[in-house]
Amino acid sequence: MRTSAESRPSAEEIKTDIDKRAVVSIYRFWAPIYDLVFGAVFERGRKAAISAAEGVGGRVLEVGVGTGLSLPYYTDRCRITGIDLSEEMLEKARKRVAEQRLAGVEWLEIMDARLRLRRGRRWAGSSMDPPSSSSLPRA
């Protein structure tokens, strides 16, 4: 049986939850204008990452897929799974996929604890335990 102290979230869990809520809130604001404001700013980096992924081919996991700005640039060499914390950003990505008929995009989903249960991703331990950069393959 757990004591009342054990059932309370730790300071780190509280901080992490606050951080996640802040990120979600910020991207709720930015989602409608993200492409206009940041599209050109990150274009060079986006294209470099896609070029590296295309060199390998196969399945690509886009962590923080956002509005899906990068998705139209992938060829049929890659099958894309995209995850993000922001439902508003994902809505824009899903709309982009539908409008541009991006067949290489297999799945776009919110990044949370249910990801492991629905998709069997080994690294998705919980909503606040995303893969570390060292655990992901390098492109």
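The values are calculated or read from the model by the stated rules, or taken from the named source; none is laboratory data. No experiment lies behind these values; they were computed from the predicted model shown. Ideal geometry is used to build each Cβ from the backbone, glycine not excepted, and the neighbour counts take in all protein chains shown.
For region 68-85, what are the residues that are among the hydrophobic types (A, V, I, L, M, F, W, C) and more than 16 Å from residue 39 (Cα to Cα)?
78, 80, 83, 85
Out of all the residues in region 63-87, which are among the acidic types (Asp, Glu) and either modelled with pLDDT of 95 or more or in contact with a Leu (Cβ under 7 Å, 6 or more places away or on another chain) (or both)?
84, the sole residue that qualifies.
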